[in-house]
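No lab work stands behind these numbers, since they all come straight from the coordinates. These numbers were taken from a predicted model, which means no experiment stands behind them.
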Amino acid sequence: MKPTLPRRRAYLPALVAAPLALALSACAGPAAKPDRADAAAPAAATGHRSDLLDRLRPLCGRAFAGRVVVDTPKSADDPFAGKPLVMHVRECGANEIRVPFQVGDDRSRTWVLRDDGARFNLKHDHRHADGSADAMTLYGGDWRESQVEGRYEFPADDESQALFGRLGRAVSVANVWAIEIDRHRFVYELARPGRLFRVEFDLTRPVPAPPPPWGS
C-alpha cells in the first residue's frame, strides 16, 4: 500500500485531474447504441486464449460462404479457383470444436480447435473419400499470443514439423496458421516466408449446411 500523501500535495493533482476528466469525457461524445442486427453475433474479439472457442459456439450448426482474399504466390493448379468455399461450425464440445472446410465437392478438410487446459491448438484433419486418413493429416500448431485483437496464431508444433520432414515438406516447417474473428467475419490464414494464403467468411449471411465431411 502506498503511504498517504500530505493533504497539500494531494490537493493540487486533484484540481488538475478533475477538469481533465471532464474534458476527456466531453470529447468522447455520446455512447453508441448497439446494432440490433448484431445482437446474436459473437462479442467483440479480445484475442485471449480462452475465448476463441466461446466465440465460435454461438455459430455452432451454421455454415458460411467464403472467398480467397490473398493467395501469394498463386499456383497454376489452384484447388480453390472457381469453387464454392464453405465453413461449417459442425461439432461443438466442451474442449473441442470441429469446423469442416469444404471446397466444391471436396470434403476432405476439417479444422479442429482443441483446448484441454494444457495445450490449445489448431489441427487439420485430412481424409479421403472413403474416410481413411490422408498421410498428411493432424498437422497444426499450438497457440501463441498475438498483438492484434481478435487474432489467434498457431505456429507449427514439433509433431507437425517432424511430419513435414518425413513427407518431404520441409518448406512447411515455418508455417504459422492464424484465425481472426469478429462480429462480421471469420478469417483462416496460412503464412510462412514467401507464402500467404487467407480465406474470409461472411458471418452475417449463413448458408445451407453442406454434407458431412469425409470420415465423419
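Computed values, structure above
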{"item": "Over segment 39-207, relative contact order from alpha-carbon pairs under 8 Å, at least 6 apart, %", "result": "23"}
{"item": "Viscosity 1.306 mPa s, 10 °C: Kirkwood-radius Stokes-Einstein D of segment 55-100 over Cα pairs, µm²/s", "result": "127"}
{"item": "Rg(Cα)/(2.2 N^0.38 Å) for segment 39-207, N = residue count", "result": "0.99"}
